[in-house]
Amino acid sequence: MTEKKTIITDWIIKNGKPVPTSHLYKMRYNEFIKGLKEGDRFVMILEQEDWSNTKPQLAKIHAMIKEIAIETGEKFNKTKENIKERSGLTYYENKVKKYRSFARCSKEELSAVIEILYELGQFLNINFEKNL
């Protein structure tokens, strides 16, 4: 059996047709298709995203992560990765763990992240309402 390949790409509808949102996504798609041979089967899952998050949510998340990083003595980016793992914002691409961008999350997803941050803050005895 050959190695299982998985790609995740981001597309947008332009002039009524799906178009990759970046050159990288176009390359990934083309490489995936090029790697298939006659008779190969693959699964395609299409999901419409709602990225209607708000800038205040993003700012609050980053400020909360910074407070947690300061309190724990961990680097900001490592803390952010830990929060994304707790929030289910990870995926694997070619057996490599990747992290979804907060900017690509919906309002609901970001609200869940903020709730996780509040819970972690309580555990660490951080009063976010006072600090932010």
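The values are calculated or read from the model by the stated rules, or taken from the named source; none is laboratory data. Quick caveat: nothing in here was measured; it's all calculated off a predicted structure. A quick note on method: Cβ atoms are made from the backbone with ideal geometry, for glycine too, and the neighbour counts reach across all protein chains shown.
Here are some notes:
- Which listed residue is among the basic types (K, R), out of contact with any Gly (no Cβ under 7 Å at 6 or more places or on another chain) and within 17 Å of R100 (Cα to Cα), from K34, K17, K78: K78
- Any hit, the stretch 72-95, residues being farther than 25 Å from I8 by Cβ, part of a helix (DSSP H, G or I) and more than 18 Å from the chain's Cα centre (by Cα): yes
- Matching option when the condition is more than 19 Å from Y118 (Cα to Cα) and without any contact (Cβ under 8 Å) to a residue 40 or more places away in the chain, among S52, S87, S22: S22
- Looking only at the stretch 8-51, and only at residues there that are out of contact with any helix residue (DSSP H, G or I) (no Cβ under 6 Å at 6 or more places or on another chain) and polar (S, T, N, Q), the one that is farthest from Y91 (Cα to Cα): N15
- Selection of first residues in the stretch 93-110 that are without any contact (Cβ under 8 Å) to a residue 24 or more places away in the chain and of second residues that are surrounded by 13 or more Cβ atoms within 10 Å (Cβ to Cβ), restricted to Cβ pairs under 6 Å at least 6 apart or on distinct chains, gives the following pairs, ordered by first then second residue: K97/T90; Y99/E81; Y99/K84; Y99/T90; R100/L89.
- When each of T54, T2 is tested for being among the polar types (S, T, N, Q), modelled with pLDDT under 90 and touching a helix residue (DSSP H, G or I) at 6+ places or on another chain (Cβ under 8 Å), the lone residue that passes is T54.
- Scanning the stretch 19-41 for residues that are exposed (fewer than 10 other Cβ atoms within 10 Å of the Cβ) and not acidic (D, E) yields H23, K34, K37, G39, R41.
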